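*Asks:* Before we start, here is the structure in question, set down as structure tokens.
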Amino acid sequence: MDILGLLRFYILYPSFFVTVIFPGLVFTLLLLLVTIWFERKAAARVQMRIGPYYASKRLGGILQLVADAVKFVFSEIIIPNEVNPTLYALAPVLMVIASFLPIAVIPLSVIPPSGSVFSIYFKDFYDPDINAGVIAGLFVNYNLLLVLAIESVYPIFVVLLAWSTNNRFAVVGAVRETYLSVSYDVILLMSTLAMALEYHTLDIAKIVSYGIPGIVANPLAAFLFFVAMLMGSSRFPFDISEAETELVIGPYTEYSGFLFVLTMAGSYVGNFIYALVFADVFLWGWYPLSGFPGLVLTVLKAVIVLFFATFMRSVYARYRVDQALRGSWKYLLPLAFASLILGMVVGYVWIR
Amino acid sequence: MDKVKEYKKANPFKLFGDHVQAIGTGIKYFVRPQRITLKYPEEALSLPSGYRGLIRLYKDVCIGCTLCAMVCPADAMKMVTQEGKKLPTINYGRCVFCGFCVDICPVDALKETGVHDAAFTNRRDLVFYPDKFNKSYDEPPTERVVKKVKAVVDEKRGIKYVPDE
Ligand code: SF4
Ligand code: SF4
């Protein structure tokens, strides 16, 4: 094999390609800028404003975000006096890692035995359940469970981060995050459990290859997952832990410069991961395509879900923490039980 | 003890309907935005003639009585001595455009102009010493074309801008 072929082999190797290039680090970074731009623009459109504009009139002001990013990256990182500097600097990094890690195990497309650029890896990423290869950083049979398990570590790092900054706004924000994470994790897990029961599997690839989109099979679970996703990544109306008008920016109050970018990226990346799972489980993922086009299709759906989630900013005000808790325990939890039962019934009757 | 009623009883289906309606409204505005932002340096609102603007001084008329500096509630007006004569100087970083100085001047040496673009590139430029203060800057800068608009009440949108000639 010549050098170019070798290079191509390693670059396209799913463990590298998915986690680093698309939809991994490089793509996520770009997506982050575009998402924040979209969030500001969409909110401005709905609220009779214009949004970022003068930085690049032709591109609708998207360079404003690049300018902001550059400003943040080069601004001074201020470390408060009475904190442990190691923990202070490490906490945001750990948080972003925890929210980004699940991308390694989400199946994003299938590899046909031949005819695709990924076909050479067919054997290495073979999934016996669906009799095809799977494009994922690492293929595991129980990936649905693993994704949620890793992603649910994220709030713990938010608490660690707030605690290590020794700031009262941060601690109040972290307490709110704890309250919320208890309530949304339950809903999130129960709605995915409903899907697992319905499709008799914990493998996302198998759920997609059944050929019935989850949103048709169990709309309740789809709705619950979406709401829990909004809570989990503190999107409006559940940006209770960051509540700018009450808590400065909640757990991230003390951060500045590049570390602040990381803290902000954490929730967006988490939202993107949830959106990828949502696109796979409920929106049919890559079906009916496969290989690279399938990968693009999955990511496209996830991006649309992500944009819709950020669009909520323009519509909603913020819930109080007790309202959000009451809503999730009083209305959403019974609904989650209902979706479980619906999942069992449909799984027994329709999806064999 | 009276039982505290914390929440109104709400019909969850109606709540859900309300949320759907709210998002629907958001999407409606997203697809068909009704912006009312004025792109200021390119478009400007034409203001009514009585709208208080920057203040100018007639140096030759001023008798140096210091009343304007005394009355100024924001400490924007200060007196300086130039060639043995006391003259007011104004700091637009502090001025609140109350117009008291214009009212109190016994010889009408101060005048409100129709210029409202009090934007400067640095803070030193905010202070107008008597020589600069004495100039007539009644004419707004004209090297760039500014589209003058005026606001009219609109049935559907609340407010809209029409070109003003
Ligand atoms: S307009 Fe009012 S605030 Fe401004 S200089 Fe005159 S008195 Fe002072
Ligand atoms: S009140 Fe009028 S006359 Fe007296 S100092 Fe001020 S500008 Fe001059």
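The values are calculated or read from the model by the stated rules, or taken from the named source; none is laboratory data. Everything quoted here is computed from the prediction, not taken from an experiment. Cβ coordinates were reconstructed from backbone atoms using ideal geometry, including for glycine residues, and neighbour counts include every protein chain displayed.
*Asks:* Which residues, counting only those in the stretch A:91-115, are touching a strand residue (DSSP E or B) at 6+ places or on another chain (Cβ under 9 Å) and part of a loop (DSSP other than H, G, I, E, B)?
*Replies:* A:107, A:108, A:112, A:113
*Asks:* Any chance you could count how many residues in the stretch B:52-68 are near ligand 1 (Cβ under 9 Å from one of its atoms) and farther than 11 Å from residue B:110 by Cβ?
*Replies:* Looking only at that region, the number is 1.
*Asks:* I would also like to ask the following. Collect the residues in the stretch B:101-122 that are within 17 Å of the chain's Cα centre (by Cα) and outside any strand (DSSP E or B), keeping them in residue-number order.
*Replies:* B:113, B:114, B:115, B:116, B:117, B:118, B:119, B:120
*Asks:* Something else: Whether any residue in the stretch B:111-131 is among the hydroxyl-bearing types (Ser, Thr, Tyr), over 28 Å from residue A:49 (Cα atoms), surrounded by 11 or more Cβ atoms within 10 Å (Cβ to Cβ) and within 11 Å of ligand 2 (Cβ to nearest atom) is what I want to check.
*Replies:* no
*Asks:* If only one of B:96, B:80 is near ligand 1 (Cβ under 8 Å from one of its atoms) and of a type in the set (Val, Ile, Thr), which one is it?
*Replies:* Result: B:96 is the single residue among B:96, B:80 that is near ligand 1 (Cβ under 8 Å from one of its atoms) and of a type in the set (Val, Ile, Thr).
*Asks:* Of the residues that sit in the stretch B:92-104 and are over 19 Å from residue B:48 (Cβ atoms) and touching a residue at least 40 places away in the same chain (Cβ under 8 Å), which one is nearest to ligand 2 (Cβ to nearest atom)?
*Replies:* My answer is B:101.
*Asks:* With respect to the numbered conditions (1) touching a Phe, Trp or Tyr at 6+ places or on another chain (Cβ under 8 Å); (2) more than 15 Å from residue B:133 (Cα to Cα); (3) more than 14 Å from every other protein chain (Cβ to nearest Cβ); (4) modelled with pLDDT under 90, which one is the sole condition not fulfilled by residue B:3?
*Replies:* That leaves (1) as the condition not met.
*Asks:* Can you go through A:38, A:17 and tell me which one is more than 14 Å from chain B (Cβ to nearest Cβ), in a helix (DSSP H, G or I) and surrounded by 16 or more Cβ atoms within 10 Å (Cβ to Cβ)?
*Replies:* Residue meeting the stated conditions: A:17.
*Asks:* Sticking with this structure for a sec: Just to be sure, is residue A:304 more than 14 Å from every other protein chain (Cβ to nearest Cβ) and hydrophobic (A, V, I, L, M, F, W, C)?
*Replies:* no
*Asks:* Let me ask you something else. If you take just the helices (runs of 4 or more DSSP H) that sit entirely in the stretch A:210-325, which of them hold at least 2 residues that are of a type in the set (Gly, Ala, Ser) and crowded, with 20+ Cβ neighbours inside 10 Å?
*Replies:* Result: A:214-217, A:219-232, A:257-281, A:291-315.
*Asks:* Given the options B:148, B:156, B:86, name the one that is touching a Ser or Thr at 6+ places or on another chain (Cβ under 7 Å), under 29 Å from residue B:39 (Cβ atoms) and more than 10 Å from ligand 1 (Cβ to nearest atom).
*Replies:* None of the other options fit; the residue is B:148.
*Asks:* Now for a different question. Among the residues of the stretch A:310-334, which ones are of a type in the set (Phe, Trp, Tyr), at the interface with chain B (Cβ under 10 Å from one of its Cβ atoms) and in contact (Cβ under 8 Å) with a residue 12 or more places away in the chain?
*Replies:* Within the stretch A:310-334, A:311, A:316 meet the criteria.
*Asks:* Anything in the stretch B:27-86 that is surrounded by 15 or more Cβ atoms within 10 Å (Cβ to Cβ), part of a strand (DSSP E or B) and within 16 Å of ligand 2 (Cβ to nearest atom)? List them, or say none.
*Replies:* B:55, B:56, B:57, B:77, B:78, B:79, B:86
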